[in-house]
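Below: the structure, in structure tokens.
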Amino acid sequence: MSDNKDKLKFGTRLLHFGAEIDKTTGASSVPIYQASTFHHEDIYNPPLHDYSRSGNPTRQALEDYIAVLEGGDRGFAFASGMAAISSTFLLLSSGDHVIVTEDVYGGTYRLLTMILNRFNIQSTFVDMTNIELVKAALQSNTKAVYMETPSNPTLRITDISAVCEWAQSHDLLTILDNTFMTPYYQRPIELGVDIVLHSATKFLGGHSDVLAGLAVTRTAELSAQMKMLQNGLGTVLAPQESWLLMRGMKTLEARMVHSEKSAIALAKWLENRSDIEAVYYPGLENHPGREVHERQSSGYGAVVSFDVGSGARAKAVLNLVTIPLVAVSLGAVESILSYPAMMSHAAMGAEVRAARGITDGLLRFSVGLEAIEDLLADLEQALVGACVKL
Ligand SMILES: *Cc1c(COP(=O)(O)O)cnc(C)c1O
């Protein structure tokens, strides 16, 4: 990308990212190179890509795209967010230890506690809102710190720069799951993070129609290691999915701006209701991490979690809403209402869930592009109905 393009605003770069026009035909989107292998016209002069696990032009365009958006050295596209996360954890070796944010995504928790533990990759989960607890978790074999901020589903905030500064002083690799904020609101590499991860299934894809994961590395050395893992593990994203993801990413800013505006309205509306026990949203005045969040992010995102008081009422609300999808996942054009205790965080034992504030009454609302008036009216009837039912 030319120097001139580097100066462009984020929204412009989303559309003019380098591969937006096909160089050979002038076509207005990257072609889907649905090929597994590439012909060697001259055996002494091999083609740029030789086999699609190792490299595919459509996937490459996507990988360059996310690297530009996150401001890193190189991007990598994987078959899912968990494929990106698990491949990244394999930078570690048997006997290594990693410090992980306590209310990490449920699938990441399962990976660490049910799979990587069998390979003697050890993990300690800490409340990262308190840097002293992060420091106290350091062991002689600690190799990495894994952050997720805002965390899922209680939207707790980790001070990214503070953790990175400390981690660097101990030669620890820093990894951050940036799914909730996207590079539109938060660019962790600029704050010192070594590897940024995404479930691109969520806001980056944005349409609940593609499963994908992305990683961006800060240095050429890490890029080489990551490339070896991606190729060696074969956890790559297919060309069709790569294309679909780029199509969704072009509207990232427009979607985030609209959804965030509605999310702020929803959070305030919930906060003023007497039948809601708690509302978690970093944009609320009383959110404990608001100040730190505002230092490291330019927005609050589109996910609002709230506690309706009990598991029975939460289930009643889920059955009464008529507009949002009642489903796992988030970050789409349509609103999605999920129930962490029975969905995303079901892999966590009930005791661990309770300790992490994932109560039976907790619902997570990912705000889509519907008219906010309709979303509020629908939630109102569901909340009122769920009281009557009890
Ligand atoms: C969904 C999600 C993941 C996992 O991604 P998949 O694409 O479902 O594999 C990881 N982290 C966060 C924060 C997520 O929301």
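Please compute, over every Cα-Cα pair in the range 113-164, the percentage with a separation greater than 14 angstrom.
Looking at the range 113-164, the distances longer than 14 Å represent 57 percent of pairs.
Kirkwood hydrodynamic radius, the range 217-289, all distinct C-alpha pairs: what's the number in Å?
Computed over Cα pairs of the range 217-289, the Kirkwood hydrodynamic radius comes out at 16.4 Å.
From zero up to wherever the largest Cα-Cα distance of the range 252-389 sits, split into 5 Å bins and tell me the percent of pairs in each.
Histogramming the range 252-389 at 5 Å steps yields 2, 11, 20, 24, 21, 15, 7, 1, 0 percent.
Over what distance in Å are the Cα centres of the range 233-267 and the range 123-181 separated?
Each part reduced to its Cα centre gives a spacing of 25 Å.
Read phi for every residue in the range 123-138 and hand back ³J(HN,Hα) as whole Hz from Karplus 6.51 cos²θ - 1.76 cosθ + 1.60, θ = phi - 60°, with x for Gly and Pro.
So the J values, rounded to whole Hz, are 9, 10, 9, 10, 6, 7, 5, 10, 4, 4, 5, 5, 4, 5, 7, 5.
Please give the peptides 184-192, 279-287 ranked by average Cβ packing (other Cβ atoms within 10 Å per residue), highest first, as a rough proxy for protection.
184-192, 279-287
Run the quick spin-label model on Asn319 and Phe119: label points 7 Å from Cα toward the beta carbon, then report their separation in nm to one decimal.
4.3 nm
How much of the DSSP beta bridge set in the range 3-249 is antiparallel, as a percent to the nearest 5?
DSSP beta bridges in the range 3-249 are roughly 40 percent antiparallel.
Given contacts defined as C-alpha pairs under 8 Å and at least six residues apart, what's the relative contact order of the chain, whole-number percent?
Relative contact order for the chain comes out at 17 percent.
When the label point is put 7 Å from the Cα of Lys250 along its Cα-to-beta-carbon vector, which residues of the range 12-47 have a backbone N closer than 20 Å?
12-34
What are the extents of the Cα atoms of the chain along their three principal axes, in Å, largest first?
76, 52, 36
When the Karplus curve 6.51 cos²θ - 1.76 cosθ + 1.60 is applied with θ = phi - 60°, which whole-Hz ³J(HN,Hα) does each residue of the range 108-115 get, with x for Gly and Pro?
Each residue of the range 108-115 in turn: 5, 4, 5, 4, 6, 9, 10, 10 Hz.
Sort 42-53, 224-235, 172-183 for me by packing, meaning the mean count of neighbouring Cβ atoms within 10 Å per residue, highest on top.
Sorting 42-53, 224-235, 172-183 by mean packing, highest first, produces 172-183, 224-235, 42-53.
In deg cm²/dmol and to the nearest 500, what is the mean residue ellipticity at 222 nm of the chain if only DSSP H runs of at least 4 residues count, each as -39500 (n - 2.57), divided by the residue total?
-10500 deg cm²/dmol
Counting only protein heavy atoms and a 1.4 Å probe, tell me what percentage of the range 252-389's accessible area is made up of carbon and sulfur.
Result for the range 252-389: 54 percent of the exposed heavy-atom area is carbon or sulfur.
Considering only C-alpha atoms, what is the centroid distance from the range 30-84 to the range 309-358, in Å?
The two parts, judged by their Cα centres, are 36 Å apart.
If you roll a 1.4 Å probe over the heavy atoms of the protein chains, what accessible area per residue do you get for the range 252-389, in Å²?
41 Å²
How much length would be gained if the chain were fully extended between Asn45 and Ser274, taking 0.36 nm per residue of separation minus their Cα-Cα distance, in nm to one decimal?
Full extension from Asn45 to Ser274 adds 75.3 nm.
Just the Cα atoms of the range 15-122, one point each, no solvent: what log10 I(q)/I(0) does Debye give at q = 0.12, 0.21 Å⁻¹?
For the range 15-122 at q = 0.12, 0.21 Å⁻¹, log10 I(q)/I(0) is -0.62, -1.14.
Can you tell me the FRET efficiency between Ser298 and His16 if r is taken as the Cβ-Cβ distance and R0 is 30 Å, rounded to the nearest 0.05?
My answer for the efficiency is 0.90.
Just for the Cα atoms in the range 66-220, what are the lengths along the principal axes, largest first, rounded to whole Å?
Result for the range 66-220: principal-axis Cα extents of 42, 34, 31 Å.
The values are calculated or read from the model by the stated rules, or taken from the named source; none is laboratory data. Model, not experiment: these values are computed from the prediction. Backbone-built Cβ (ideal geometry, glycine too); neighbour counts: all protein chains shown. Surface areas here come from the heavy atoms of the whole protein model, side chains and all, with no ligands, DNA or RNA. Shrake-Rupley method; radii C 1.70, N 1.55, O 1.52, S 1.80 Å.
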